[in-house]
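To keep things clear, I will list the structure first and then write my remarks on it.
The values are calculated or read from the model by the stated rules, or taken from the named source; none is laboratory data. These numbers were taken from a predicted model, which means no experiment stands behind them. Cβ atoms come from the backbone with ideal geometry, glycine included; neighbour counts cover every protein chain shown.
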Amino acid sequence: MSTLRVNDIIEATSGGGKIWPSRAWVNFNGTGTVAIRADGNVSSITDVGTGQYNINFSNSIADANYAVAATNTHHTAVTYSYWVSSQYGSGADESRTTSKVNFGAYDASAWRDTTVCNLQVTR
């Protein structure tokens, strides 16, 4: 297999803007025993508590000034309005580092485990 090393990737159409690829991404089951379904540059998930996880990178990110996008769904028929955060509270480990990021799912009243969790890191 060959390795392609470049400083920038430029789009061929639509004005030739820079393309910013993901540095890490993961789809995982956040209920019961946490399990990764598919990933890129994620070594493991640490279940910190109900609805709270550490996403551990296989290869460190250059610095901790990255962007995080995340989505999730709940495992029951009950409808919740979730928000996700790359830094959760309630006394858990809240640090964002080059080797991991935090992910949490909270409804109007409590942290909630979810069956489908998706997270992407871009820098």
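Within the stretch 10-29, the residues that satisfy the criterion of being among the aliphatic types (A, V, I, L, M) and touching a residue at least 12 places away in the same chain (Cβ under 8 Å) are Ala24, Val26. Sort out which residues of the stretch 40-72 are under 11 Å from Asp113 (Cβ atoms) and part of a strand (DSSP E or B), and write them in order of number. Hits for the stretch 40-72 are Asp47, Gly49, Gln52, Tyr53, Asn72. If we scan the stretch 14-34, do we find a residue that is modelled with pLDDT of 85 or more and on the phi > 0 side of the Ramachandran plot? Looking through the stretch 14-34, at least one residue is modelled with pLDDT of 85 or more and on the phi > 0 side of the Ramachandran plot. Counting residues in the stretch 40-57 that are exposed (fewer than 13 other Cβ atoms within 10 Å of the Cβ), of a type outside the set (Lys, Arg) and over 12 Å from Thr122 (Cα atoms) gives zero. Annotation: of all residues in the stretch 1-38 being of a type in the set (D, E, K, R) and assigned to a loop (DSSP other than H, G, I, E, B), the one that is surrounded by the most Cβ atoms within 10 Å (Cβ to Cβ) is Glu11. Restricted to the stretch 81-113, and to residues there that are of a type in the set (Asp, Glu) and at pLDDT 55 or above, the residue that is farthest from Gly40 (Cα to Cα) is Asp107.
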